[in-house]
Amino acid sequence: MCGIVGYIGEGQAADIILDALKRLEYRGYDSSGIATLEQNALHLTRAVGKLSHLEAALQSKPQAGQIGIGHTRWATHGGVTEANAHPHVAGNKVAIVHNGIIENYAELKTELQAKGHEFSSQTDSEVLAHLFLDALGQGQTGSAAMQAVLAKIKGAFALAVMLQEAPDQLFVARNASPLAIGIEDGLICVASDAMAMAHLTRNVIYLKDGDYAALGVDDVQIYDRDGQRANREVIRTTASPALIDKGGFRHFMEKEIHEQPEAIAHTISAMTAADGALRTGLSEADLSDIQHLVILAAGTSNYAGQIGRYWLEDIAGIPVSVETASEYRYRAPAHLAGGAVIAISQSGESLDTLMALRHAREKGMKVIAIVNVPESSIAREADVILPTRAGPEIGVASTKAFTAQLTVLFALAVDFGRAKARLSAEDVAELQQKLLAVPGAVGAAIASFEQVQPVAQHLKKTPSCLFLGRGRLYPLALEAALKLKELSYIHAEGFAAGEMKHGPIALIEDELPVICLLDEDTLSAKTISNLKEAEARGATIILIATQTIAKQVDFASFKVVIEDCDPLLAPIILAVPAQILAYQTAFEKGTDVDQPRNLAKSVTVE
Ligand code: F6R
C-alpha cells in the first residue's frame, strides 16, 4: 500500500505528479504530499485526507520545479497527520517517499538520534531520509548513499529519493514492494504501478528485488543488491493510460457491479480455444501431472479460492487446500510431491500472497497465478498465468474481479476433469454451456437493486448481523459478510449454516438479522432447518435466494430473489445480490463506498 511517484522532465513536476497520484489513490488515501526541487530549494506540500485536499493546497500555493516526488499514504507507523504524511524531508537536503515497512526503524532511529538527528514524525519512513542525510554528510554520492542505506534497512519497501545536491537525478530502490520506471524522450518517471504513468510513457522497466537505481533524463543506472551494474529489460506496458471515470454511476463499485457480465464473458472468451473448446491455458502435461493443489490468497480472493475448492474436488476430483496467505508463509506445511500452488490475487501485489508464493516455490512447487493485473509482481513470478479479464477494478471492495476469479476456477475444474478423463466430452460440453449462461444470469441478477433497497434500509440500523450458507454457498456467506462489514462498518460474521448449533447460535437474540444465501440443491432442506432454528430464537430472517427455493421459506421477513440457476454456478450469480446489499447498505449509511476507512486496494505490507 501507499503509492509513490517520481518525475524529471520539462513539465511542471507538481502537476504531473498530482495527476499520477490520482491514478494511485487506490493504494491509500490517508494523506498525500509532493516535494519538488527548484533553484536549489526543496518545496513541500502535504495534506491529510483525500488527494483533493492536496490539490486544493497546491492550487492556493503552486509549487514550481521540474523534478519531484509524490506519495499517497496508507498509514502503518504513526497516525493520520500532516507530520506523518510523505514526502519526509531531512536537513532541507533530502526528500523521500516510501511504500512498505522498515522493520528495524526503531533501532536505526535511536542510533540517528544519538548522532543528533531530530525527527518530526512517528513514521518508520522518516528514518530513511535521515539515513541518507547521514550518508551524504560523510561525503557519499547519491548512489553510494543508497547502497549504504539499503545495507542498513530490513523489510519490504519501494522508495524514491530526491537530493538537493543532485537536481537532475532521482534515486530509487525496491525490495518486495512494486516499483516501475518509465522512460521517454525528455522525461523519466517512477511509480508504484505502471498504470500511474502509462499516459506519460509505455516504456517501462521493472526493478528486481534488491535493485536500486540512479535516474536522470536519458541516464538510467541500475545496480543489483551486490552493487553491480545490472541490465533490466525495457518492456512495452499494457497498462491502460486512461484515467478511469465512473461512467455515470454513483460510485466505481456500482459501475463495477454492473460490469460483471462483460468481465465474466471476457474471461470466458480468453479461455476459449479457436475450435470453441474451453481451455484455461494450463498445459496438457500440467493438467494430467498435477495431483493436488494448494490455493494461496487473502480476503475476497481467498473466498473465491474456497468456492473453487468445491468445484475442483467435485468436478475434477483433485484434493485442494485453501490457505490464508499470511499464515501459510510462516508455517512449515508438509509438501506432497506432485502438487502445485494457485495464487489468486486481483492486484497481483498483495505482499502476503506474494511471500506465500515464494515460500511454496522454495519448496519446489509449481506456481499458477490467477491475477487481474498482468504486469503485477505475482504475475511476473508465476510459472503459469491464468488471467481474469475484469479490467481495472478501482472500488476498494472487490466485485467484478471476484466473479471473474470464480469463472477461471470453474473453468480450471472443467479443464482438469477433462484432462484427467474424469469427465466425458459430453460432460465437458454441458459444463461449458452452463458457464456460458453465467454472464446473462449475472446481468439478470443485477436487477435486484430494487429488491435490496428495503433490506438495506433495515440493515443500516443494525449494529450486527450474521450470514449463513452451506456447501458452495458457505464461502460466499463469508464473502458477503466481509463485503458488508468493510463497506458499511456493520459487524457481520459468516458461518456455515450447519455450524450454528455448535456455538454461534448463542449470538441470536430478538431481531438479529440472519441473512441466508440459498439455492436449490441437495443441502437446501438442511439449510432451511438451520434457518428455522434461528427464527425460533427471534432472528429476523433475510433470504438471498433463487426463485423456487425462496418460495419454501415463508418465514423470512425480507427476500431478495433471483432467477433459478444451476446450483453448481449459483455462487457466481448469488454473489451479485450480496454485493448489492453491501453497496446499498453503505450508501444508505452514507459511508465512503469506494474508499472505506482504513482500507486500501493493494496491500503491499505484511
Ligand atoms: C475485499 C477485498 C480484499 C482483497 C484482499 C486481497 O473486498 O478486496 O479482501 O480481496 O486484500 O487482494 P488481492 O486480490 O489484490 O490480492
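Does the range 81-92 contain at least one residue that is in a helix (DSSP H, G or I) and either on the phi < 0 side of the Ramachandran plot or open to solvent by 50 Å² or more (accessible area, probe 1.4 Å) (or both)? No; the residues of the range 81-92 include none that is in a helix (DSSP H, G or I) and either on the phi < 0 side of the Ramachandran plot or open to solvent by 50 Å² or more (accessible area, probe 1.4 Å) (or both). Take the residues in the range 347-366 that are open to solvent by less than 30 Å² (accessible area, probe 1.4 Å) and not in a helix (DSSP H, G or I), then tell me which one is farthest from the ligand (Cβ to nearest atom). Per the stated criteria, the residue is 365. For the range 573-606, a residue qualifies if it is of a type in the set (Val, Ile, Thr) and part of a loop (DSSP other than H, G, I, E, B), and the qualifying residues are 591, 593, 603, 604, 605.
Quick one: which of 198, 176 is of a type outside the set (D, E, K, R) and farther than 27 Å from residue 151 by Cβ?
Values: 176 fails: farther than 27 Å from residue 151 by Cβ.
Among 198, 176, only 198 is of a type outside the set (D, E, K, R) and farther than 27 Å from residue 151 by Cβ.
Scanning the range 445-468 turns up at least one residue that is in contact with a Ser or Thr (Cβ under 7 Å, 6 or more places away or on another chain) and either at positive phi or of a type outside the set (A, V, I, L, M) (or both).
Within the range 66-99, track down each residue that is of a type in the set (D, E, K, R) and without any contact (Cβ under 8 Å) to a residue 60 or more places away in the chain.
Here is the first cut: in the range 66-99, the ones of a type in the set (D, E, K, R) are 73, 82, 93.
Listed by number, the list holds a single entry, 82.
The condition of being more than 16 Å from the ligand (Cβ to nearest atom) and either farther than 17 Å from residue 574 by Cβ or not small (Gly, Ala, Ser) (or both) holds for residue 318. Taken over the range 16-29, the residue count meeting the criterion of being in contact with a Ser or Thr (Cβ under 8 Å, 6 or more places away or on another chain) and farther than 13 Å from residue 4 by Cβ is 2.
Return the only residue of 534, 570, 525 being assigned to a helix (DSSP H, G or I) and within 18 Å of residue 475 (Cβ to Cβ).
570
Considering 57, 75, 64, 35, the condition of being at negative phi, crowded, with 22+ Cβ neighbours inside 10 Å and not assigned by TED's automatic domain parsing to the domain that holds residue 353 is satisfied by 35 alone.
Within the range 523-539, the set of residues being out of contact with any strand residue (DSSP E or B) (no Cβ under 6 Å at 6 or more places or on another chain), open to solvent by 40 Å² or more (accessible area, probe 1.4 Å), without any contact (Cβ under 8 Å) to a residue 40 or more places away in the chain and not basic (Lys, Arg) comprises 525, 529, 533, 536. Scan the range 391-403 for residues that are away from the ligand (no atom under 11 Å from the Cβ) and part of a loop (DSSP other than H, G, I, E, B) and the total you get is 3. Filtered by the rule that a residue be in a helix (DSSP H, G or I) and over 32 Å from the mean Cα position of the chain (by Cα), the range 482-506 gives 501, 502, 505, 506.
The rows are residues; the columns are (1) under 24 Å from the mean Cα position of the chain (by Cα); (2) part of a loop (DSSP other than H, G, I, E, B).
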| site | (1), (2) |
| --- | --- |
| 162 | no, no |
| 172 | yes, no |
| 178 | yes, yes |
| 188 | no, no |
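The set of residues in the range 288-315 being away from the ligand (no atom under 12 Å from the Cβ), of a type in the set (Ser, Thr, Tyr) and within 30 Å of residue 486 (Cβ to Cβ) consists of 310 alone. Exactly one residue among 543, 518 is surrounded by 22 or more Cβ atoms within 10 Å (Cβ to Cβ) and free of Cβ contacts under 8 Å to residues at least 40 places away in the same chain, and that residue is 543.
Selection within the range 378-388: residues that are farther than 16 Å from residue 209 by Cα and within 15 Å of the ligand (Cβ to nearest atom). The member of this set that is surrounded by the fewest Cβ atoms within 10 Å (Cβ to Cβ) is 385. Counting just the residues of the range 537-567 that are of a type outside the set (Val, Ile, Thr) and part of a strand (DSSP E or B), which one comes out nearest to residue 460 (Cα to Cα)? Looking at residues that are of a type outside the set (Val, Ile, Thr) and part of a strand (DSSP E or B), I get 558.
Could you list, in sequence order, all residues of the range 329-346 that are in a loop (DSSP other than H, G, I, E, B) and either more than 16 Å from the ligand (Cβ to nearest atom) or open to solvent by 40 Å² or more (accessible area, probe 1.4 Å) (or both)? Write out each step before concluding.
If we filter the range 329-346 for residues that are in a loop (DSSP other than H, G, I, E, B), which is where we start, we get 329-338, 346.
Hits for the range 329-346 are 329, 330, 331, 332, 333, 334, 335, 336, 337, 338.
Would you mind stating whether residue 457 is more than 16 Å from the ligand (Cβ to nearest atom), part of a helix (DSSP H, G or I) and open to solvent by 60 Å² or more (accessible area, probe 1.4 Å)? Full working, then the answer.
On the way: more than 16 Å from the ligand (Cβ to nearest atom): yes; part of a helix (DSSP H, G or I): yes; open to solvent by 60 Å² or more (accessible area, probe 1.4 Å): yes.
So residue 457 fits the description; yes.
Can you confirm whether residue 440 is closer than 15 Å to residue 576 by Cα, within 27 Å of the chain's Cα centre (by Cα) and open to solvent by 50 Å² or more (accessible area, probe 1.4 Å)? Before you say what the answer is, go through the steps one by one.
Details: closer than 15 Å to residue 576 by Cα: yes; within 27 Å of the chain's Cα centre (by Cα): yes; open to solvent by 50 Å² or more (accessible area, probe 1.4 Å): yes.
Spelling it out, residue 440 is indeed closer than 15 Å to residue 576 by Cα, within 27 Å of the chain's Cα centre (by Cα) and open to solvent by 50 Å² or more (accessible area, probe 1.4 Å).
Can you pull out the residues in the range 326-367 that are of a type in the set (A, V, I, L, M) and touching a Lys or Arg at 6+ places or on another chain (Cβ under 8 Å)? If the condition is that a residue be of a type in the set (A, V, I, L, M) and touching a Lys or Arg at 6+ places or on another chain (Cβ under 8 Å), then 340, 341, 355, 356, 367 are the ones that fit.
To keep it simple, each residue is scored yes or no on (1) of a type outside the set (D, E, K, R); (2) in the same structural domain as residue 70 (by TED's automatic domain parsing); (3) in a helix (DSSP H, G or I).
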residue	(1), (2), (3)
101	yes, yes, no
106	yes, yes, yes
109	no, yes, yes
112	yes, yes, yes
118	no, yes, no
121	yes, yes, no
132	yes, yes, yes
139	yes, yes, no
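Within the range 368-377, is even one residue surrounded by 24 or more Cβ atoms within 10 Å (Cβ to Cβ) and over 13 Å from the mean Cα position of the chain (by Cα)? Among the residues of the range 368-377, at least one is surrounded by 24 or more Cβ atoms within 10 Å (Cβ to Cβ) and over 13 Å from the mean Cα position of the chain (by Cα), which makes the answer yes.
Scanning the range 428-446 finds no residues that are part of a helix (DSSP H, G or I), hydrophobic (A, V, I, L, M, F, W, C), within 16 Å of the ligand (Cβ to nearest atom) and more than 19 Å from residue 281 (Cα to Cα). Check the range 315-328 and report whether any residue there is open to solvent by 50 Å² or more (accessible area, probe 1.4 Å), closer than 16 Å to residue 370 by Cα, more than 18 Å from the chain's Cα centre (by Cα) and not aliphatic (A, V, I, L, M). Within the range 315-328, none of the residues are open to solvent by 50 Å² or more (accessible area, probe 1.4 Å), closer than 16 Å to residue 370 by Cα, more than 18 Å from the chain's Cα centre (by Cα) and not aliphatic (A, V, I, L, M).
The values are calculated or read from the model by the stated rules, or taken from the named source; none is laboratory data. In this text the structure is predicted, and so the values were computed from the model without any measurement. Heads up, the Cβs are rebuilt from the backbone with ideal geometry, glycines too, and the neighbour counts pull from every protein chain shown. For the accessible areas, the whole protein counts, side chains as well, though only heavy atoms, and no ligand, DNA or RNA atoms are used. Shrake-Rupley method; radii C 1.70, N 1.55, O 1.52, S 1.80 Å.
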